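Chemist: I am attaching a structure below and will ask some questions about it afterwards.
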Amino acid sequence: MSEKKTDQLIRDIKKLAIMMSNAAEPVAVLTHYDADGLASGGATARFLSKTEKLFILRSTASLSEDVLNAFFSIRAKTYVIQDMGSGDLKMIYSKWKNTNSKLLVIIDHHKILEEPPQDKRVVIVNPELYGIDGGRIGCTSVLASLMGYYGLGERDPYFLEIGVIGAAGDMQMQNGAVGINEYLLRLAEGKGIVKKETEFVFFTLRRLPVFKAIVWNLVPYVPGFSNREDIGLNIVRKAGIRIRNRSGEYVTVAELTEEEKTRLLEVIIKYIASLGIDDLSSNDFLVDVLYLPLEDDPYLQTAIEFSNMISSCGRMDREDVGIALSAGSRGEVLMEAKKIIEERRKILGKYLDMAERSIKIYDGMLVIVDLTDKDFSVKFSGTISTIFSRSLTYGDKIILVLSSDEAGDIHLSSRAPRKLVDKGLDLSKIMRKISEELGGRGGGHNIAAGATIPVEDSDEIIEKIREYIKEEIARIEG
Ligand SMILES: [Mn+2]
């Protein structure tokens, strides 16, 4: 990563921060409903409220024409679109032009598919414009949190925390942060907001009950183990560890001795191996954890856990809670968020089972999960494809999840292993190609992309995707 590109991007974020501080009110903000979108929405909301701006903030699952029409019918002077829009610049611009606004800001990291409008009133901040791969570096919460941080004269370090959390939600902080992500992480570490440690994935949530903590993390996903508190209970018992302490409260990970942890780890590894996953070493489960020392709630101990909480709010139609939590609200908002995440884990468990049973593996490298005729909520498709792409069993394959949305269109969510992406595989290209051929809209990143296709039958899509992927693999291997 060239230092220069990162420096330029940071300089432009600082410029944007000044611009936003002086922006005409009211400000209307539209953000994406995933963890990165909501975290960045929270950062912007915090920034706008601390600068005492009148603003309205909305979130959406996708940028349809209707959503944009409704957004631009808000009588605002400044419009901001976050974590979306790079694939639809023309449509956005043509609609925005009819408003009385003098400033349109797009903060995003998705691939720019259309020539940006040549208009000084339009400001686009996107790592892709600097030749940086936005799928890996510079997700929207990194950009928006730095905007808030600099916009408020570096006096509010909470921005750094929410930036790290949002980036963790977009899988951009794991396995080594680089470029502007590293820059943000260093700032956060320097202020004592984030502390990086290596830990077994089962023990990262130190203040949760042991039986919950060991199965709570879904990365790496282990079918038959992850998210299964019943299994967690059995394992804890088998390792001879008490479920409750003398005062009747659940024993937490923090209360375990090193000896107990070692014993527990052995039982866990044995159990996972018994599921048919061989060649396991306990080191496969060592992860870098970003702890959040300033948070005192057991559910907000790590960046990943916090981001899961935000993500759950989005997937459970409670974006308001996710945004408020990201912006810094706790108390009742946090209590609500906890209810949401518990509820969501139940539903996710059901969907993961459903998905597990629908898996078909094609050509040895493509995992297709066709849920189009199942009672499945399309809002979970991205979560399912991400979890499978991080699983011990399918992590080396391309994942494609198909589901039906409310309109009856087929929604695609795809993920590729880093190895293939590094060789040149680009899923956003494949998603675009299929939507051009069958109608619909598609795009995203090389490593994670999606599309919505207005056809009823999934077979045609699957056939075409197989064909495109074969072509792509032949191209990059040849
Ligand atoms: Mn994002």
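Just so you know, all these numbers are worked out from the coordinates, no wet-lab data involved. The shown structure was predicted, so the numbers you read here are calculated from the model rather than taken from an experiment. When we count neighbours, we look across all protein chains shown, and the Cβ atoms used for this are built from the backbone with ideal geometry, even at glycine.
Chemist: Taking 25 °C and 0.890 mPa s as the conditions, I'd like the Stokes-Einstein D for the stretch 358-478 in µm²/s, using the Kirkwood hydrodynamic radius from alpha carbon pairs. Mind dumping the intermediate values first?
Modeler: Numbers: Rh = 14.0 Å.
Rounded, D is 176 µm²/s.
Chemist: How about the stretch 214-313: which GluC sites (Glu not before Pro) there are in a DSSP loop, with at most 14 other Cβ atoms within 10 Å of their Cβ?
Modeler: On the way: sites: Glu229, Glu249, Glu255, Glu258, Glu259, Glu260, Glu266, Glu295, Glu305; in loops: Glu249, Glu295.
Those satisfying the criteria are Glu249.
Chemist: Exceeding 29 Å between C-alpha atoms, which entries from my cross-link table qualify? They are Lys196/Lys470; Lys111/Lys419; Lys4/Lys77. Don't jump to the answer; show the numbers that get you there.
Modeler: Numbers: Lys196/Lys470 40 Å; Lys111/Lys419 20 Å; Lys4/Lys77 34 Å.
With Cα atoms farther than 29 Å apart: Lys196/Lys470; Lys4/Lys77.
Chemist: Just list whichever of Lys212/Lys350; Lys350/Lys374; Lys423/Lys464 have alpha carbons separated by over 19 Å in the model shown. It would help to have the intermediate numbers written out before the result.
Modeler: On the way: Lys212/Lys350 17 Å; Lys350/Lys374 12 Å; Lys423/Lys464 22 Å.
Too far apart for the 19 Å limit: Lys423/Lys464.
Chemist: Return the sequence-ordered ³J(HN,Hα) values of the stretch 50-67 in whole Hz as given by the Karplus equation 6.51 cos²θ - 1.76 cosθ + 1.60 applied to θ = phi - 60°, using x for Gly and Pro.
Modeler: Each residue's phi maps through the Karplus curve to give 6, 9, 6, 8, 7, 8, 10, 10, 10, 10, 8, 6, 7, 8, 7, 4, 4, 4 Hz.
Chemist: Using the C-alpha gyration tensor of the stretch 177-285, what are the square roots of 5 times its eigenvalues, in whole angstrom, with the largest one first? If you can, show how the numbers build up before the last one.
Modeler: On the way: eigenvalues 154, 74, 27 Å².
For the stretch 177-285, the ellipsoid semi-axes come out as 28, 19, 12 Å.
Chemist: Hey, another quick one. State, to one decimal in nm², a quarter of the convex hull surface area for the C-alpha atoms of the stretch 280-378, i.e. the direction-averaged projected area.
Modeler: Working: hull surface 35.5 nm².
Across all orientations, the stretch 280-378 yields a mean hull projection of 8.9 nm².
Chemist: Something else: Tell me, Glu3, Glu472 in order of fewest to most beta-carbon neighbours within 10 Å?
Modeler: Lowest to highest Cβ neighbour count: Glu3, Glu472.
Chemist: Pull out the extension gain between Asp457 and Lys270, defined as 0.36 nm times the separation in residues minus the alpha carbon to alpha carbon distance; nm, one decimal.
Modeler: On the way: separation 187, 0.36 × 187 = 67.32 nm, distance 4.25 nm.
Gain on extension, Asp457 to Lys270, equals 63.1 nm.
Chemist: Still on this structure, please answer the following. Would you order Phe159, Phe376 from fewest to most other beta-carbon atoms within 10 Å of each residue's own beta-carbon? The partial results should precede the final answer.
Modeler: Details: Phe159 30, Phe376 21.
Sorted ascending by nearby Cβ count, the order is Phe376, Phe159.
Chemist: If you line up the Cα atoms of the chain on their principal axes, what length do they span on each, largest first, in Å?
Modeler: In descending order, the Cα extents are 68, 53, 41 Å.
Chemist: List the aspartates and glutamates whose alpha-carbon lies under 14 Å from that of Lys53, not counting same-chain residues fewer than 8 positions away?
Modeler: Hits, sequence-local ones excluded: Glu25.
Chemist: Please work out the Cα center distance from the stretch 388-402 to the stretch 226-289, rounded to the nearest Å.
Modeler: That distance is 25 Å.
Chemist: How big is the antiparallel share of DSSP beta bridges in the chain, given as a percent to the nearest 5? All intermediate terms of the calculation are to be shown ahead of the outcome.
Modeler: Numbers: 29 of 55 bridges.
Close to 55 percent.
Chemist: Return Met147, Met19 ranked ascending by Cβ neighbour count within 10 Å, so the fewest neighbours appear first.
Modeler: Numbers: Met147 29, Met19 15.
Going from sparsest to densest Cβ surroundings: Met19, Met147.
Chemist: Enumerate by residue number the GluC sites (Glu not before Pro) in the stretch 349-454 meeting two conditions: DSSP loop (anything except H, G, I, E, B), and at most 12 other Cβ atoms within 10 Å of the site's Cβ. It would help to have the intermediate numbers written out before the result.
Modeler: Values: sites: Glu356, Glu406, Glu436, Glu437; in loops: Glu406.
When the GluC sites (Glu not before Pro) of the stretch 349-454 are filtered for loop state and at most 12 Cβ neighbours within 10 Å, Glu406 remain.
Chemist: What number do you get for the stretch 140-224 when its Cα radius of gyration is normalised by 2.2 N^0.38 Å, N = residues? All intermediate terms of the calculation are to be shown ahead of the outcome.
Modeler: Values: Rg = 14.8 Å, N = 85, 2.2 N^0.38 = 11.9 Å.
Cα-based Rg divided by the globular estimate yields 1.24.
Chemist: Seen from all sides and averaged, what is the projected area of the convex hull of the Cα atoms in the stretch 3-191, in nm²? The partial results should precede the final answer.
Modeler: Details: hull surface 37.5 nm².
Approximately 9.4 nm², given one-decimal rounding.
Chemist: Restricting to DSSP H runs of at least four residues, report the calculated mean residue ellipticity at 222 nm for the chain, -39500 (n - 2.57) per run over all residues, nearest 500 deg cm²/dmol. Walk me through the numbers on the way to the answer.
Modeler: Values: 17 runs with 216 residues, N = 478.
When only DSSP H runs of four or more count, the value is -14000 deg cm²/dmol.
Chemist: Would you list which aspartates and glutamates come within 14 Å of Lys261, measuring only between C-alpha atoms, while excluding same-chain residues fewer than 8 positions from it?
Modeler: Those aspartates and glutamates meeting the cut-off are Glu199.
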